[in-house]
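Notes to accompany the following structure.
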Amino acid sequence: MQTRFTRLAIAAAFCASMGGASLAQEVVKPRDEKTVWPGLTAAGSVLLPNGWSLRPAGNQALVGDFPVAVAVHPSRPILAVLHAGWGEHEVVMLEQKSGKVISRAALKETFTGLAFSKTGDRLYVSGAFDDVVYRYDHADGYLSNRVDFAYPAPRPKPADPNEVAQRVPAGLAVAADGGFWVANVFGHSIAKFGPDGALAGEWPLGDSSFPYALALDETRNRLFVSLWNKASVAVVDTAAGKLVGTWTTQEHPNEMLLAKDGKTLYVANANRNTVSVIDTETGRALETIGTAIDPKAPSGSTPSSLALSADEKVLFVANANTNDLAVVNVEKRGESTPLGFIPTGWYPTSVRLSNDGKTIFVANGKGATSKANRDGPNPLVPGNRSVREYIAGLFRGTLSIIPLPGPAEMAAYSKTVYDCSPLASAKNVERAEGNPIPAKVGDPSPITHCVYIIKENRTYDQVFGDLPQGNGEPNLCLFPREVTPNHHALVEQFVILDNFYVDGEVSADGHEWTMGAYATDFVEKTWPLSYRGDRRVPYPAEGAQQLATPAGGYLWDRAAAKNVTYRSYGEFIRNGATPDDPATTTVKALQGHFDPKFRSYDLKYTDVNRAKRFLTELAEFEAKGEMPRLIVMRLPNDHTAGTSPGMPTVKAMVADNDVALGMVVEGLSKSKFWPKMAIFVIEDDAQNGSDHVDAHRTVALAISPYIKRGSVDSTMYSTSSMLRTMELILGLDPMSQFDAAATPMAAAFTSKPDLTPYKALPARIDLDERNTATAWGAEASKRLDLETEDRADDLVFNEIIWKAVKGPASPMPAPVRSAFFLPKR
């Protein structure tokens, strides 16, 4: 299969996959010249829904679902690329020069580990939650004779019930004799297997250490282990088989690179914008290299992979979240100098150089945005996972093949990287005089209180597709005015936001983006395994795993730092066993700052009851004369329970959510705090539906006396834009590069307040309507896990919701992605 494409060839390939649709049909056209929509631009770049752009260097080869690692054959012009996304897990073997796929080897499951033997005649691959390492014989790009190396005994049962029972092999290091070392990321240990595959030993590295990657120095009998959750590198004496020390790095050390002479170790720190450079003879840190395009930028670059030039004078660092390679001169140890940046595809996970040092290879985990598929196939029967229109299946990873650039090319590439980042332009947003959204943190605002309401999983078209004022598609509208009268009245009375996008893909990363303007590398690399159906994989977010916490913290951390009062109603909160039992939280900053009587995600509990509980506290705030300046609230029931027998119908649950939102807004707008208030409403993600602009486009509301009443604001906004707007109002510093770079929602606000309160509308449908045992999809719904958000198979769940609303005979349209991939030559 030839995968190296020219512009024309790849465009034709995508058109063919869309059933012959023309390019013009798939590019969303703005209603006026000033409106900017995500997708392919006239300049040839791709504008992502988060406001960042892609114009990758080199030629691009389409590979597979979320490539996470690349291994270069030690002597042949062959690459191995490992895929560990929502779809097929596999190893893809390619020709280095052309990017042509030679062969594919399917895997049940994998997680980052990939390494050739010293001679290249064997390839080792981690087997993730199956606690196995695969070994293949390799010849000329073909893999054969797979051998599974498993542990002879299961991991001892962890004392902590929240601990994973499996070891989960991750990083691998192959010795000269054919034996190999394994980092057991969830088992908090390393292990050694002999050449015959027998387990030679296993050594614990401490609770919650999460060993990730390995670097082996056989000359000095040392193994270096990056401890993902400990901001350090463990040093193991391989001859004695014991831990001999730990060296400090920064948060989330992941991939490491050992210089040929063994004296210098480079460590990528994903939760910072840095690489630690360590003298291996003393353990002393020689320097910390910054990898962000702005040295003052908050965290968010996510350095995830490292490569050295053939002469080891130049270091290449893959910045996953900002879509570039940082290029650094490291010829003088401890005295590095920046050389510039190289643009990549979306979310680069691995960078490698050819053996002759003339070519750079970059695996782009999310490719260059998924193809538009308005005319793609409809979902098949429940249980069939072969269709790819579900958002997690829209990531078609790519491999960039980039000739080593010279000085002039580096200058041009660096300019492209800066042009693709909104960091600089975000500082120059135009505002009318007197606009209540401050231009910078610390400037005054007449708004003093923000209420932030998070809902679950709807697209813009699903709810507002029937609004003629906005850019909607009526045929995709599942929950029109009859089901959501308050949503419709609120946007019509205040502002319609029809160009607003979530930054996450699913709830696991969506809630992280919603509260932290960032999802860590741990979240990004873990959620696809869980969402593809492996229930052994822990839910990685919402306070469930410390490794999910961004370096910049969450919104409440920023509030605490500025002495801004705050309170959570259900967000990052764990329910009690029953609605009468108090809720708890594992998040330190929320201790004493949440309502233990407010029920978090529980589809058997109504949003109306949640609204009533909040209004009870609001009355108390009124009596006291003060209310927390930042309130975060969860209203999750628009997620729905599908057609589960006995549960409320899909329409009833969305209507319940609508009534609750109306109750909350009415209560707030009639309170004494209303004159100085702004209410923001968002979905944590948009995975459960179709949208004709982009699968990330979502339901978003801005409600305040200072909103331009009855307006349509088609400015391109994202989750991070909403966060940035609240930060500016409350005087909070940004949490990551993404809220720092996001466009504030100033265009939706005016200097002249209108204090008219909102009057909530009653439900127009029966909120007590229940699913029957014979409802379409009832049997499939029974088998879905609806106790935790997004644990259900969304391909099944989406179709159940569609047919529950539209009828069993109605085919469900596939969501549309606004940009398809055009490589840069």
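The values are calculated or read from the model by the stated rules, or taken from the named source; none is laboratory data. Keep in mind that what you see is a predicted model, and the values were worked out from it rather than measured. Cβ sites come from the backbone with ideal geometry, for glycine too, and all protein chains shown count toward neighbours. The accessibility values were calculated without ligands, DNA or RNA, using every heavy atom of the protein model including side chains. Shrake-Rupley method; radii C 1.70, N 1.55, O 1.52, S 1.80 Å.
Details
- Under the condition of being at negative phi, among the small types (Gly, Ala, Ser) and modelled with pLDDT of 90 or more, the residues counted in the range 412-453 number 5.
- Within the range 250-287, being of a type in the set (Val, Ile, Thr), over 26 Å from the mean Cα position of the chain (by Cα) and closer than 28 Å to residue 345 by Cβ holds for one residue alone: 277.
- Among the conditions (1) closer than 21 Å to residue 34 by Cβ; (2) β-branched (Val, Ile, Thr); (3) surrounded by 24 or more Cβ atoms within 10 Å (Cβ to Cβ), the only one that residue 681 does not satisfy is (1).
- Restricting attention to the range 214-267, the residues that are more than 30 Å from residue 552 (Cα to Cα) and either of a type outside the set (Val, Ile, Thr) or outside any loop (DSSP other than H, G, I, E, B) (or both) total 20.
- Figure legend. Inter-residue proximity from the range 161-173: first residues on the phi > 0 side of the Ramachandran plot, second residues not in a strand (DSSP E or B), beta-carbon distance below 8 Å, spacing 6+ or different chains. Indicated pairs: 168/111; 168/128; 168/129; 168/131; 168/185; 168/186; 168/187.
- Leading residue by the ranking (farthest from residue 155 (Cα to Cα)) among those in the range 503-529 that are out of contact with any helix residue (DSSP H, G or I) (no Cβ under 7 Å at 6 or more places or on another chain) and of a type in the set (Ser, Thr, Tyr): 507
- Qualifying residue in the range 148-165 (condition: assigned to a strand (DSSP E or B), under 18 Å from residue 71 (Cα atoms) and aliphatic (A, V, I, L, M)): no
- Among the residues of the range 454-467, not a single one is out of contact with any Lys or Arg (no Cβ under 7 Å at 6 or more places or on another chain), at pLDDT 95 or above and open to solvent by 10 Å² or more (accessible area, probe 1.4 Å).
- Pairs linking a residue in the range 127-146 that is more than 18 Å from residue 194 (Cβ to Cβ) and free of Cβ contacts under 8 Å to residues at least 12 places away in the same chain to a residue that is aromatic (Phe, Trp, Tyr) and open to solvent by 10 Å² or more (accessible area, probe 1.4 Å), with Cβ atoms under 9 Å and 6 or more positions apart or on different chains, are 144/136; 145/136.
- Filter result for residue 743 (β-branched (Val, Ile, Thr) and buried (at least 24 other Cβ atoms within 10 Å of the Cβ)): no
- When the range 179-206 is limited to residues that are touching a strand residue (DSSP E or B) at 6+ places or on another chain (Cβ under 7 Å) and either part of a loop (DSSP other than H, G, I, E, B) or of a type in the set (S, T, N, Q) (or both), the one that is farthest from residue 127 (Cα to Cα) turns out to be 205.
- Of residues in the range 684-715 being modelled with pLDDT under 95 and aliphatic (A, V, I, L, M), the one surrounded by the most Cβ atoms within 10 Å (Cβ to Cβ): 686
- If the condition is being at pLDDT 95 or above and on the phi > 0 side of the Ramachandran plot, then the range 184-200 contributes only 188.
- Within the range 98-126, tally of residues that are crowded, with 22+ Cβ neighbours inside 10 Å and not hydrophobic (A, V, I, L, M, F, W, C): 6
- Qualifying residue in the range 359-382 (condition: modelled with pLDDT of 95 or more and either part of a loop (DSSP other than H, G, I, E, B) or touching a helix residue (DSSP H, G or I) at 6+ places or on another chain (Cβ under 7 Å) (or both)): no
- The range 640-678 - residue that is of a type in the set (Lys, Arg) and modelled with pLDDT of 95 or more and, of those, surrounded by the most Cβ atoms within 10 Å (Cβ to Cβ): 676
- Within the range 300-318, tally of residues that are touching an Asp or Glu at 6+ places or on another chain (Cβ under 6 Å), surrounded by fewer than 24 Cβ atoms within 10 Å (Cβ to Cβ) and not in a strand (DSSP E or B): 1
- Screening residue 280 on (1) within 30 Å of residue 368 (Cα to Cα); (2) in contact with a Leu (Cβ under 6 Å, 6 or more places away or on another chain) shows it passes everything except condition (1).
- Within the range 442-468, the set of residues being among the polar types (S, T, N, Q), closer than 24 Å to residue 610 by Cβ and outside any strand (DSSP E or B) comprises 457, 462.
- Selection status of residue 91, in contact (Cβ under 8 Å) with a residue 40 or more places away in the chain and open to solvent by less than 10 Å² (accessible area, probe 1.4 Å): yes
- Test: residue in the range 489-503 that is more than 22 Å from the chain's Cα centre (by Cα), part of a helix (DSSP H, G or I), in contact (Cβ under 8 Å) with a residue 24 or more places away in the chain and crowded, with 24+ Cβ neighbours inside 10 Å: yes
- Matching residues, the range 512-534, being at pLDDT below 90 and either in contact with a Pro (Cβ under 9 Å, 6 or more places away or on another chain) or polar (S, T, N, Q) (or both): 530
- The set of residues in the range 166-178 being assigned to a loop (DSSP other than H, G, I, E, B), hydrophobic (A, V, I, L, M, F, W, C), modelled with pLDDT of 95 or more and out of contact with any helix residue (DSSP H, G or I) (no Cβ under 7 Å at 6 or more places or on another chain) consists of 175 alone.
Yes/no matrix, rows are residues, columns are (1) in a helix (DSSP H, G or I); (2) free of Cβ contacts under 8 Å to residues at least 12 places away in the same chain; (3) hydrophobic (A, V, I, L, M, F, W, C):
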site: 656; (1), (2), (3): yes, no, no
site: 661; (1), (2), (3): yes, no, yes
site: 682; (1), (2), (3): no, no, yes
site: 702; (1), (2), (3): no, no, yes
site: 705; (1), (2), (3): no, no, no
site: 726; (1), (2), (3): yes, no, yes
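- Reported count of residues in the range 598-633, each being within 19 Å of residue 581 (Cβ to Cβ) and not in a helix (DSSP H, G or I), is 9.
- The lone criterion from (1) crowded, with 16+ Cβ neighbours inside 10 Å; (2) among the aliphatic types (A, V, I, L, M); (3) assigned to a loop (DSSP other than H, G, I, E, B); (4) more than 25 Å from the chain's Cα centre (by Cα) left unmet by residue 439 is number (1).
- Selection within the range 469-488 - more than 13 Å from residue 697 (Cβ to Cβ), outside any loop (DSSP other than H, G, I, E, B) and open to solvent by 10 Å² or more (accessible area, probe 1.4 Å): 474, 475
Yes/no matrix, rows are residues, columns are (1) within 21 Å of the chain's Cα centre (by Cα); (2) modelled with pLDDT of 95 or more:
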residue: 58; (1), (2): no, yes
residue: 68; (1), (2): yes, yes
residue: 73; (1), (2): no, yes
residue: 78; (1), (2): no, yes
residue: 85; (1), (2): yes, no
residue: 92; (1), (2): no, yes
residue: 95; (1), (2): no, yes
residue: 100; (1), (2): no, yes
residue: 104; (1), (2): no, yes
